[in-house]
Amino acid sequence: MRIAMTWRSLLVGPLIALSLIPVQCWGLTVFQAHFNGELATTEGQEPLVAENVRFAPGRCGTQGIFVTDETQLHYPAKGNISLYQGTVGMWIRPVGWRGGVPEKTRYLLDWRQEKTNKENYLALVQNSRWTVNVQLRDQKRKIIIAMTKPSNVFQDWTWVHLAAAWSAFTGTIRLYVNGQLLDEQSSSEPLVIGPTGEAIRIGSIGAYSVDGVIDELVISDRFLGEDQVMAEVRKGIVAYSQ
């Protein structure tokens, strides 16, 4: 696995009302995981937990990470990804979700503070065999959810691109499947976001794994629209492999 992180400094003064914070202030991190056979980032950071990690043919580039119930991949992320706005996207190829595999919650991506329960929390969750939702919660655990309506998002051994975009400024969250907007939910007021998460988990929280291959994970600090997400989906293999 080859992971490239681009860090950009955040220059923010004393805490002020959320409604007064311009969107452009929250330029934080672009996180790109290509999964080409190494677990360390290009800056030498190793995951906090990396057990039983295997690689498999990926959708883009040379490899993808094969996630099972025994796989744990857990990267430091405090202060480097914004809950105020952003977009997360990834290619996923499920393996064996049909044919007798029990339905259970599976975390494709989970980001929360350690020792807290879903406060200032972002997750992309496979919530049954074929459907998925994205959740965003603020420091009061207020939640907005974008969920399939319902759709058979996943097919065994078939690559699918999932993307979730969120904006705490407008209280809006979107779910894209293969570049198309599948669902959008909004709150009546901006969310109150507090301290950001300590680490990001990819593909699994203990036994709550996706049971499949994940490739080309990208987290940006931009709230992307359908055309922008579709452009990411349509990137050729060469574009991802560079």
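Coordinate-derived values only; no laboratory data. Owing to the predicted nature of the structure, the values given are computational and were not obtained by experimental measurement. Positions of Cβ are backbone-derived with ideal geometry, glycine not excepted, and every protein chain shown enters the neighbour counts.
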Quick one: which residues, 5 or more positions from Ile205 or on another chain, have an amide H under 5 Å from its amide H? H modelled 1.01 Å from N in the peptide plane, none for Pro or chain starts. Tyr107
HN-Hα J couplings of the stretch 196-211 from phi, Karplus 6.51/-1.76/1.60, θ = phi - 60°, integer Hz, Gly and Pro as x? 7, x, 7, 7, 10, 9, 10, x, 6, 10, x, 7, 8, 9, 7, 6
The long-range amide H neighbours of Gly64, using H built 1.01 Å from N in the peptide plane and a cut-off of under 5 Å, are Ala56, Gly58
Rough spin-label spacing in nm, given labels placed 7 Å along Cα→Cβ, for Arg222 and Ser188: 3.4
Just add up the charged neighbours of Ile143: K/R +1, D/E -1, any other residue whose Cβ is under 13 Å from the Cβ of Ile143. +4
Segment Gln180-Ala40, extension gain: residue separation times 0.36 nm, minus the distance between their alpha carbons: 47.2 nm
Can you give me the distance in nm between label points at Glu70 and Ser151, each placed 7 Å from the Cα along the Cα-to-Cβ direction? 3.6
Under 5 Å between amide H atoms, partner at least 5 residues away or on a different chain: which partners does Ala168 have, H built in plane at 1.01 Å? Gln85
Sequence neighbours fewer than 8 away in the same chain don't count; with that in mind, list the lysines whose C-alpha is under 29 Å from Lys118. Lys78, Lys104, Lys140, Lys142, Lys149
